[in-house]
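Notes follow the structure.
What follows is calculated from the coordinates using simple rules that are stated; it is not laboratory data. Since the model is a prediction, treat every value here as computed from it, not as a measurement. No Cβ is skipped: glycine too gets one built from the backbone with ideal geometry, and neighbour counts run over all protein chains shown.
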Amino acid sequence: MTANPIQQINRVLLLACAPFLGMLIWLLFATMDITIPSWSPAAAEPISIHAETLTMDTMLTQANQDAIQTKSIIQQYFQLYEKSTAEVTAMLQVAAAQAVKPGLIYDTRITAKLGSPLRQASSGNIDIRLFALNEKNYTGYALKVNLKTDKAVKLVLGNDKLGSSETTLSAANRYGAVVGVNAGGFADDSRGRRFPLDTTVMNGKYVNGFFPTNNDTAFIGLNKDRQLIGGKFSSQSELDKLNPLMGSTFVPVLLKNGSKLPIPYQWQSSPARAARTVMANYKNDQLLFLVTDGYDESGNSGATLAELQDKMQQLGVVDAYNLDGGGSTTLVWGGSVINRPSDGKLRPLATNFLFFK
């Protein structure tokens, strides 16, 4: 019997699927071991995030310990520095105190020779003390001056004008000075003008040129370190070497390096006695002015220059110079005249030393 077309198609499909159905049945009942190989590239190094974390943590821990140790060392050095600084400061203070002691002892000794001060003034610019002199043949005053700054002293012309004159009291009051002392000599011209004698220096400048020593005249003044300078000079270059800041001229030189110098014959007897003004210094550069009283111009009252040499040596000064005397001798303190002018009144002068607090 002949199959219909549908049956033929089914037979063809069955024959086509038979191999697949057989394979499926075999897979269902067969036992198979399949091994999947692990991936392990031969060229790559193993990566361990955990190990790197541990390494970094160790490094941070060590760095922290190093920082703590460094801080401790710095603190120790700082403490040592503070201790050393304190010790050095203390040593410097002790050294400074020890360095000052000889000066204080010396000042105490020279002051003791002068007695108790009548007046005194002190500031950042100056220490100044006034003492009485009561000698056998004369009376007067001693003025001890410690100049601390350049502002403490000034040499002034009368009325601040060359050829003019002014009393020491007027100059001190006009400038507001605590103390005034007459300075160098003077010469009058035919018109009555009063000029400083020979070489005069103000503020480091020559007022009227340089004049060489004549008839034992001497320059007396201060240098730019406020030290007393003076003596005889034949040329300006000689004086310039001493860096003069201020000064005037008179005669004679009384002491050099603590030794007496010969007094010119004329000045031994003309006048024999008179009111005198002497400018001197101690070895610590403090100044000493001696201002003695004279009651007239006859030469019978006051001090001789030889007596003042003796007194200066007794007081321990180094150098001493005679300034203008007689009626010119004037000492002013606080707006009052301290000494007794031998003219019976104040004499207008060409130059005056002024001292300021």
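Sorted on the mean count of surrounding Cβ atoms within 10 Å across their residues, most packed first, peptides 167-173, 293-299, 181-187 read 181-187, 167-173, 293-299. Packing-based ranking of 229-239, 247-257 yields 247-257, 229-239, ordered from highest to lowest mean Cβ neighbour count within 10 Å.
Between Gly325, Ala172, Asn159, the Cα set farthest toward the positive side of the dipole of the stretch 117-355 (charges on each charged residue's Cβ, about the Cα centre) is that of Ala172.
Taking θ as phi - 60° and the Karplus parameters 6.51, -1.76 and 1.60, the scalar couplings of the stretch 309-325 work out to 4, 4, 5, 5, 4, 4, 7, x, 7, 9, 10, 8, 9, 7, 8, 4, x Hz in sequence order, x denoting glycine and proline. The modelled label-to-label distance for the pair Arg174/Asp107, using points 7 Å beyond Cα in the direction of Cβ, is 3.3 nm. For Leu254, the residues whose amide H sits under 5 Å from its own are Ala320, Tyr321, Asn322, ignoring neighbours fewer than 5 places away on the same chain, with H placed 1.01 Å from N.
In order along the stretch 142-152, the phi-based Karplus estimate (6.51 cos²θ - 1.76 cosθ + 1.60, θ = phi - 60°) of 3J(HN,Hα) comes to 10, 10, 9, 10, 10, 7, 9, 9, 5, 6, 7 Hz; Gly and Pro are listed as x. Cross-link partners of Lys154 among aspartates and glutamates, defined as those whose alpha carbon lies under 18 angstrom from its own and excluding same-chain residues fewer than eight positions apart: Asp127, Glu166, Asp225, Asp285, Asp324.
Judged by the mean number of other Cβ atoms found within 10 Å, the most tightly packed of the peptides 216-228, 51-63 leads the ranking 216-228, 51-63.
Between Leu162 and Gln120, the modelled labels are 4.2 nm apart [label points 7 Å from Cα along Cα→Cβ]. For the residue pairs Lys311/Lys345; Lys144/Lys241; Lys136/Lys241, the alpha carbons lie more than 32 Å apart in Lys136/Lys241.
In this label model, Asp296 and Lys83 are separated by 8.2 nm, measuring between points 7 Å along each Cα→Cβ vector.
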